[in-house]
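This report concerns only the one structure given below.
The values are calculated or read from the model by the stated rules, or taken from the named source; none is laboratory data. Predicted model only: the values in this text are computed from it and were never measured. Using ideal geometry, Cβ is built from the backbone for each residue, glycine included, and neighbour counts are taken over all protein chains shown.
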Amino acid sequence: MLIVLNTTAVLHQKISTYPLLKKGTLEQLKNYELISNGTGVHWADIDEDLSLKGFLQDEIRKIVGQNFFAVAS
């Protein structure tokens, strides 16, 4: 899954990161809508909502984890 920010930055998230999305069919995954003025995504068929805030927090965790392990090596 790609999340494109209005700054043109692109975040990459694996669908498998989210258990409900991982179980969804391609048709269910295609049936999404942007919510909260474009800061969230809702999949009605799966009953899943994801927010930009959550995506950004995941990205920060990845970066901090990579830097931590690079320094620890």
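The residues of the stretch 10-39 that are of a type in the set (Val, Ile, Thr) and either at positive phi or at pLDDT below 95 (or both), listed by number, are 10, 15, 17, 39.
Does residue 64 count as touching a strand residue (DSSP E or B) at 6+ places or on another chain (Cβ under 7 Å) and without any contact (Cβ under 8 Å) to a residue 12 or more places away in the chain? Here the answer is no, as residue 64 does not meet what is asked. Taking the conditions exactly as written (loosely packed, with under 13 Cβ neighbours inside 10 Å, outside any loop (DSSP other than H, G, I, E, B) and not aromatic (Phe, Trp, Tyr)), does residue 20 satisfy them or not? Criteria not met by residue 20. Take the residues of the stretch 42-64 that are among the aliphatic types (A, V, I, L, M) and at pLDDT below 90: which is nearest to residue 4 (Cα to Cα)? This residue is 56.
In the stretch 12-41, the residues that are over 14 Å from residue 2 (Cβ atoms) reach residues that are hydroxyl-bearing (Ser, Thr, Tyr) and loosely packed, with under 12 Cβ neighbours inside 10 Å with C-beta atoms within less than 7 angstrom, at least six apart or across chains, in these pairs: 22/16. Return the residues of the stretch 13-33 that are among the aliphatic types (A, V, I, L, M) and touching a Leu at 6+ places or on another chain (Cβ under 8 Å); say none if nothing qualifies. The answer is 15, 21, 29. Taken as a whole, the condition of being touching a helix residue (DSSP H, G or I) at 6+ places or on another chain (Cβ under 8 Å) and in a loop (DSSP other than H, G, I, E, B) does not apply to residue 3.
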